[in-house]
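> The structure is given below, and queries will be raised subsequently.
Where a number appears in this text, it was derived from the coordinates with a stated rule and is not lab data. Just so you know, these numbers come straight off a predicted model, no measurement behind them. Every residue, glycine among them, receives a Cβ derived from its backbone with ideal geometry; neighbour counts consider all protein chains shown.
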Amino acid sequence: MRLISCTQRFSEQDDLDEHREEAHYCCIECDRHFVNEGALEQHRQTSSKHCIECPTCDDTFSSEDDLNEHRAEEHNRCTECERDFQSKQNLQTHLKSSVHQDRTLPCPGRECTKRFMSGSGLLLHLESGTCSSKLTLERIKSNMVGRARRISSQSQKATPRRRPQ
């Protein structure tokens, strides 16, 4: 594929379209060329062919991204899930939920492969006794207390005592 006044070649139609749009100010949808980027942008904003209407309030937008931003801000919509919420707070809670957040905190159990979004989720896992490594919160606490005692006794042995003068 090649443009008439351009020597660049493209193996993919998407690459050609992107080039025509960015380098030659071409509206791909209308197949119209403009003299500069400003004229192309003005065309997109004023042409009814490019206006995207909000289905909730009939406001119009020049891009899908602008519409999605509007729907999230004004109508409490999760555009990723296509779900509407009654309040901004409910939307924010949803966006922080496991639906949208990665589980990055691994269980410290050797055989357990579960991962959690938060420390509280990991604690619930350990307290419930469902860890496949049979690791529990009590076992972790007793290991930590034992280590703390060993460290404390080692530091007392290593610290020289001063003689009273």
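> Over the chain, what is the relative contact order in whole percent, taking alpha-carbon pairs under 8 Å and six or more residues apart?
Numbers: 141 pairs, mean separation 11.1, N = 165.
Computed over the chain, the figure is 7 percent.
> Of LEU40, SER118, HIS94, whose Cα points farthest to the positive end of the dipole of the chain (charges on the beta-carbon: +1 Lys, Arg; -1 Asp, Glu; origin at the Cα centre)?
Checked the options; the winner is SER118.
> Arranged from highest to lowest average of other beta-carbon atoms within 10 Å per residue, in what order do the peptides 127-138, 81-92 appear?
Highest mean packing first, the order is 127-138, 81-92.
> Turning to a different aspect of this structure: Karplus couplings for segment 15-28 from phi (6.51 cos²θ - 1.76 cosθ + 1.60, θ = phi - 60°), rounded to Hz, Gly and Pro as x?
Going residue by residue, I get 5, 4, 4, 4, 5, 4, 5, 7, 8, 10, 6, 9, 7, 5 Hz, with x marking Gly and Pro.
> Using a 7 Å offset from the Cα along the Cα-to-Cβ direction at both GLU53 and GLU111, what is the distance between the two label points in nm, to one decimal?
Label at GLU53, label at GLU111, 6.2 nm between them.
> Tell me which residues come under 5 Å, amide H to amide H, from ARG32 once H is placed; ignore anything under 5 positions away on its chain.
Residues meeting the criterion, in which the H sits 1.01 Å from N, are CYS27.
> What length, rounded to one decimal in nm, is gained on full extension from GLN45 through to LYS96, with 0.36 nm per residue of separation minus their alpha-carbon distance? Provide the component values of the computation, followed by the final result.
Values: separation 51, 0.36 × 51 = 18.36 nm, distance 3.37 nm.
The span from GLN45 to LYS96 would gain 15.0 nm if fully extended.
> Which residues' amide hydrogens lie under 5 Å from the amide hydrogen of ARG83, considering only partners 5 or more residues apart or on another chain, with H built in the peptide plane?
Result for ARG83 returns CYS78.
> Springs between alpha-carbon pairs under 10 angstrom, Gaussian network model over the chain: which of HIS33, HIS70, HIS94 fluctuates most?
Per the Cα network of the chain with a 10 Å cutoff, HIS33 tops the list.
> Once fully extended, how much extra length lies between GLN89 and ARG147, figured as 0.36 nm per residue of separation less the alpha-carbon to alpha-carbon distance?
On the way: separation 58, 0.36 × 58 = 20.88 nm, distance 4.35 nm.
Result for the pair: 16.5 nm of gain on full extension.
> Residue by residue through segment 60-71, what is 3J(HN,Hα) from phi via Karplus (6.51 cos²θ - 1.76 cosθ + 1.60, θ = phi - 60°)? Round to whole Hz and write x for glycine and proline.
Values per residue, Gly and Pro as x: 10, 9, 8, 8, 5, 4, 5, 5, 4, 4, 4, 5 Hz.
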